[in-house]
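K.L.:
Have a look at the structure that comes next, please.
Values in this text are rule-based calculations from the coordinates and carry no lab data. Nothing here was measured: the structure is a model prediction, and the numbers come from that model. So basically every Cβ, Gly included, is an ideal-geometry build from the backbone, and we count neighbours across all protein chains shown.
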Amino acid sequence: MVDSSGRRTVASNRKARHEFEILESLEVGIVLKGSEVKSLRDGKVAFQDAFGRVDGGELWLHSFHISPYKQANRFNHDPLRPRKLLAKRAEILRLAVKVEEKGLTLVPLDVYFRRGVAKMTLAVARGRNLYDKREKLKRQTQEREASRAISDGSR
């Protein structure tokens, strides 16, 4: 699926939008090996427990699983290795300050290719409590029912 900006989404972290309150997002590049790019193009990725971290002025992605590429045999990569993320130094420093705040973390939202280059949307997020999740689901259900009632009334 390619949108008007030339962005082909490979995978989305739908669970992150449920588990976290997204405060701000940032587009970053990903440093990958050749077999990782091939596997990423096939969509063989898993966001489970993935998070970003600022270490030594650099941005790193941890626990992001990219499955080994079958045809790469002995030249394959470690599926869970930490991957460096590319962003401007000022943006990294700004993220580092925000993440030091209590309860904030860096969460990957989606992975995509733009003009042949692998990119990721990284978000500064705050974890939701169970009651917040229930409240959000209740609100969405009410909005859906209201829009159905409006569309049924116009028929």
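K.L.:
Relative contact order for the stretch 42-155: what is it in percent, counting Cα pairs under 8 Å that are at least 6 residues apart?
P.N.:
It comes to 19 percent, rounded to a whole number.
K.L.:
Out of ARG74, ARG41, ARG14, any idea which swings most in a Gaussian network model of the chain, alpha carbons joined below 10 Å?
P.N.:
ARG74
K.L.:
Mind pulling the angle between the C-alpha long axis of helix 130-153 and the longest principal axis of the chain? Nearest 10 degrees, somewhere in 0 to 90.
P.N.:
60
K.L.:
Putting +1 on Lys and Arg Cβ atoms and -1 on Asp and Glu Cβ atoms, find which of ASN73, SER39, SER12 reaches farthest to the positive end of the dipole of the chain.
P.N.:
ASN73
K.L.:
Still on this structure, please answer the following. For the stretch 66-155, with equal point scatterers placed on the C-alpha atoms only and solvent neglected, what are the log10 I(q)/I(0) values from the Debye formula at q = 0.10, 0.16 1/Å, to two decimals?
P.N.:
-0.56, -0.93
K.L.:
Here's something else I'd like to know. Given contacts defined as C-alpha pairs under 8 Å and at least six residues apart, what's the relative contact order of the stretch 78-138, whole-number percent?
P.N.:
24
K.L.:
Rounded to the nearest 500, what is the chain's calculated 222 nm mean residue ellipticity when only DSSP H runs of at least 4 contribute -39500 (n - 2.57) each, over all residues?
P.N.:
-10000 deg cm²/dmol
K.L.:
With Kirkwood's inverse mean 1/r over C-alpha pairs for Rh, give me the Rg to Rh ratio of the chain, two decimals please. Could the numbers behind the result be given before it?
P.N.:
Numbers: Rg = 18.4 Å, Rh = 17.4 Å.
With Rg and the Kirkwood Rh in hand, the quotient comes to 1.06.
K.L.:
Net charge near SER63, counting Lys/Arg +1 and Asp/Glu -1 over other residues with Cβ under 13 Å of its Cβ?
P.N.:
My count for the surroundings of SER63 gives +1.
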